[in-house]
Amino acid sequence: MSPETRTPAAADRPLLELDGLRKEFGGRNVNVAVDDVSLEVREGETLALVGESGCGKTTLTRLLLRLLEPTAGSVRFDGRDLATVSATELRAVRRQMQVVLQDPYSSMNPRMRITDIVAEPLITHDPAVRGRRGRARARERVGELLEAVGLNAGIQDRYPHEFSGGQRQRVSIARALALQPRLLVLDEPTSALDVSVQATVLELLAELQTRLGLTYVFVSHNLAVVRQVADRVAVMRRGRLVEVGEAEQVFHTPQHPYTRQLLDAVPVLDPRRGRRAAERAPRTSGESR
Amino acid sequence: MTMDRQTRDQSHRPVDAEPLLQIKHLSVDFRLATSVVHAVQDVSLTVHAGETLAVVGESGSGKSATALSVLGLNPTPPCVYTGGEILFDGHDLLKLSEKELGRIRGRDIAMVFQDPMTSLDPLQHVGAQVAEVLRHHTGMSRAEAREAALDALDEVGIPDPAQRYRQYPHELSGGLRQRVMIATALVGRPRVLIADEPTTALDVTVQRQILDLLVTLQHKHDMAVVLITHDLAVVAETADRVAVMNKGEVVESGDVLDVFDRPADDYTRRLLAVTPRLEAA
Amino acid sequence: MTVTAPAAADHVPAGTPTVGSGSVVLRALLRNKLAVLALAVLVLLLAAALFAPLIAPYDPNAQDLLLRLRPPAWQDGGSGAHPLGTDQLGRDMLSRVIYGARVSLLVGAGAALLAGAIGTVVGLVSGYFGGWADRVLMRLADIQLAFPALLLALAIVGFLGSGLWYVILVLGFTGWVSYARVVRSEVMSLRSRDFITEARAIGVTDATIMRRHLLPNVMAPLATIATLHVAAAVVTEASLSYLGLGVPKETVTWGSMLADGQLYLGTSWWVAVFPGIALMLTSLAINITGDALRDVADPKAYRR
């Protein structure tokens, strides 16, 4: 995720291609949530999708996961157009793209045990883990997955509400990894977490990406977090992409005025810079206000 | 403490100035059915007129419980105040009756919360909610309160106040709703404003505007502001002094520059280290 | 950021008792004293219903015209042979109240099960799919509600004749709407929850989502309505029997006993009052148990 650990994009062909995507909601008063979005995500990279609330970034992720039908445009995963593939093929593609959502409190069925939550993708796609013998195999695999995300394999029989936000988010990640996907859509994966927990989850995501060669679409409103994880950044506003570019470029020489506006608004973690710097200057030199 | 810090501390306020609000050795427990949570333990904080004190911490640090204690807004039960005092104007706020506190709330000490959608009454015009504070505290007539409320909406930068006055909270954007909340808090001209994560629910560009607004109004009215936040960057941008809380205790407090330059506590250092920065590391 | 081994998450002790299992719900229920009392009453009633032939001192339909309208044992003229007295045909009141529990509980449980099954399916489909399926099903519910349940019951029983199973069918088919409405609104709010989105993203089928994710999460409100419905069905059955439209005469029910007793209220109060008390206690106990169940059924209630 960070420049030193990034693996170079392997394939020439992008893993995910969005072409002219459009989504309208509502009948009489049409609301265009996503408007003519074209975007490529390369294998092994982290593409960050940033924007403020209501900019359409959530709708865009639902479109690329095929949870919503686009009004126009296409989504191609590994060269296959998701609109034209058969139901069986769509299932096969779904195995390869998984999602982790923001709120670890609502992303799990409160009445299911951890083991069933993490095993659900396996049970849905793999007949070998059904039945009594499959059950044991599923538990074994769930144990491995939990350990891979830094959790104790012995927590399988417990319920989500017994865990902290950070632990739950790890469970969500374990579940998303169950089918060995190539692409993870991370929808504000750390926005609901405390900063110290956020740091450990980001670290885990970076480690998994390097180890498993994963591709991330990282949706976030937090530019400081995006700065830390993104290889490339796509800035979205009112349903459209206003700027797409290498992270270095977007953060250093933003092209679009809206990107600049966003960057300027971010509070700076330095009391000598930022907005009150001028006000502080006389005080530090010993004069009274 | 270095010489340097002492001179700076004295520089921005008269040495003999009494703090406006003083929390001394406050301890708060939450007595739950099966356990007792020591939410706040021996916390002491002071804030002077015209000054912004930021109380920063992660969830469960006790920062909100501390803030809510000032106006006696923690739910009792399960909350029990087990020790300490909160001095304002020569009174210990913890010893005041609900009725006496009611006179202080909104007039001398006001609060702004994180989510304006749940703090505003969904069925009342926003203007009327601002006016109501005035009618409650000053006994103004309906017409006078309306005029003052319109001024207050104007002051917090709400465009076309006369029209917005008659709108309901759900008709406003998140930023405008937070402006209404601030108008409601400030219309009684409080001397202390307690802002509990006032920008956490807002987009970054709106957060910028609201923080600017808070600072401007603070200077204009020489208010003391207690800013509760989880975001050290917000602290860096707005606060004069900062208190870092962890697990119910204040682990470090002091001038913002000192704490950011030379954090004395391990927890503060870790918090600074893990907070993502926009500028490249 | 440098890559390190997966950062250890906060320590989680493994193997501590978990919630949501039956024994924990039961234990929480037992902490509520009123609920324990209500539960005891229900168990007693259930035992009375199941073992009526063993417990009841007499055949509930055995008449003894020489011992008509005897008062309860503690009143002048009463005797230990008939602790609750006898009715206008000299039948033992205690035995009749015990046998009455059979019909009442059977009708109540049967009606709630039938209505619950219909309503749950309708509510799940309606809430999950929305669109035209929702519109059609909810119009159907409106039409159903427009018929007064008791009137419908009267019409059907009048048409098909009286009988225990008819009563259950009628109460089941008139009671499903409230289940459907509650399940539908719960499902609509659950549908947008992240775990449903994640399940869909994984590729879980709609039927499985309804069974695995939605049904368990609507059980708590369902249990509450079901208990209210059992209590209401017990009373409705009594009303029908009171009107002579419920079950056949030779089947003892509290409703028909009330109807009989009404004529003698001025002189022999016990004929009407005992089945009345039984009816009231039953519906009260069911309602209290239902409330308590709702309070403890939610695993989130155990947080901390």
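Values in this text are rule-based calculations from the coordinates and carry no lab data. Keep in mind the model is a prediction, meaning the values are calculated, not measured. Using ideal geometry, Cβ is built from the backbone for each residue, glycine included, and neighbour counts are taken over all protein chains shown.
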- Using Cα atoms only, what is the angle between the long axis of helix B:174-186 and the major principal axis of chain B, expressed in degrees (0 to 90) to the nearest 10? 90
- Task: Based on other C-beta atoms within 10 Å, arrange C:Arg70, A:Arg272 from fewest to most.
- Result: A:Arg272, C:Arg70
- Message: Return the equivalent ellipsoid semi-axes of segment A:154-224 as a descending list in whole Å, where each equals the square root of 5 times an eigenvalue of the C-alpha gyration tensor.
- Response: 19, 17, 10
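Counting partner chain Cβ atoms within 10 Å of every residue's Cβ in C:200-209, what's the average? Don't skip to the answer; put the middle values down first.
On the way: counts 6, 14, 15, 12, 6, 2, 0, 0, 3, 1.
Mean inter-chain Cβ contacts per residue within 10 Å come to 6.
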- Given the pairs B:Lys24/B:Lys247; B:Lys24/B:Lys63; B:Lys95/B:Lys220; B:Lys24/B:Lys95, which are separated by over 22 angstrom at their Cα positions? B:Lys95/B:Lys220
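Using the membrane-span-like helix rule (whole DSSP H runs, Cα extent along the own axis of at least 20 Å, mean Kyte-Doolittle hydropathy at least -1.0), which helices of chain C qualify?
Details: long enough: C:33-50 (25 Å, 2.77); C:93-129 (53 Å, 1.49); C:131-146 (23 Å, 0.41); C:164-191 (39 Å, 0.93); C:215-242 (39 Å, 1.16); C:270-297 (40 Å, 1.23).
Span-like helices, by this rule, are C:33-50, C:93-129, C:131-146, C:164-191, C:215-242, C:270-297.
Run through every distinct alpha carbon pair of the protein assembly as shown and return the Kirkwood hydrodynamic radius in angstroms, one decimal place. Don't jump to the answer; show the numbers that get you there.
On the way: mean 1/r = 0.0313 Å⁻¹.
So the Kirkwood estimate lands at 32.0 Å.
At 10 °C and 1.306 mPa s, what whole-number value in µm²/s does Stokes-Einstein give for the translational diffusion of segment A:157-275, with Rh from the Kirkwood sum over Cα pairs?
Working: Rh = 16.1 Å.
Rounded, D is 99 µm²/s.
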- Within 10 Å of each residue's Cβ, count the other Cβ atoms and sort C:Thr289, A:Thr71 from fewest upward. A:Thr71, C:Thr289
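For segment B:116-185, how big is the tail of P(r) above 21 Å, as a whole percent of Cα pairs? If you can, show how the numbers build up before the last one.
Details: 314 of 2415 pairs.
Result: 13 percent of Cα pairs exceed 21 Å.
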- Over all distinct alpha-carbon pairs, what is the Kirkwood Rh of segment C:40-99 in angstrom? 11.7
- Query: For q = 0.14, 0.16 Å⁻¹, what log10 I(q)/I(0) does segment B:155-280 give under the Debye formula with an equal point scatterer on each alpha carbon and no solvent?
  - Reply: -0.70, -0.87
- Work out the length of the dipole vector of the protein assembly as shown about its Cα centre, built from +1 on the beta-carbon of each Lys and Arg and -1 on the beta-carbon of each Asp and Glu, and round it to the nearest 20 debye. 2040
- Message: I want to verify a result. In a Gaussian network model of chain B, Cα cutoff 10 Å, which of these has the top mean-square fluctuation: B:Ser253, B:Ser59, B:Ser44?
- Response: B:Ser59
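Roughly what % antiparallel, to the nearest 5, for the DSSP beta bridges in the protein assembly as shown? All intermediate terms of the calculation are to be shown ahead of the outcome.
Values: 45 of 82 bridges.
Percentage antiparallel, nearest 5: 55.
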- Query: Dipole size in debye (nearest 20) for segment B:116-185 around its Cα centre, Lys and Arg Cβ +1, Asp and Glu Cβ -1?
  - Reply: 160
- At q = 0.11, 0.14 Å⁻¹, what log₁₀ I(q)/I(0) does a Debye calculation on the Cα points of chain A give, no solvent, two decimals? -0.70, -1.08
- Over all Cα pairs of chain C, how is the pair count split among 10 Å bins, expressed in % and running from 0 up to the last occupied bin? 6, 21, 26, 21, 13, 7, 3, 1, 1, 0
- Counting every C-alpha pair in chain B, the percent lying more than 26 Å apart is 45
- Can you pull the three principal axis extents for the Cα set of segment A:82-222, in Å, largest first? 40, 39, 28
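What is the sum of charges around A:Gln255, taking Lys and Arg as +1, Asp and Glu as -1, for the other residues whose C-beta is under 12 Å from the C-beta of A:Gln255?
Working: positive: A:Arg260; negative: A:Glu243, A:Glu246.
So the environment of A:Gln255 carries a net charge of -1.
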- Query: Tell me, C:Thr253, A:Thr124, B:Thr184 in order of fewest to most beta-carbon neighbours within 10 Å?
  - Reply: A:Thr124, B:Thr184, C:Thr253
- Would you list which lysines come within 25 Å of C:Lys33, measuring only between C-alpha atoms, while excluding same-chain residues fewer than 8 positions from it? C:Lys300
- Message: Tell me which of B:Pro169, B:His136, B:Ala152 sits at the most positive position along the dipole axis of segment B:116-185, charges placed on C-beta atoms (Lys, Arg +1; Asp, Glu -1).
- Response: B:Pro169
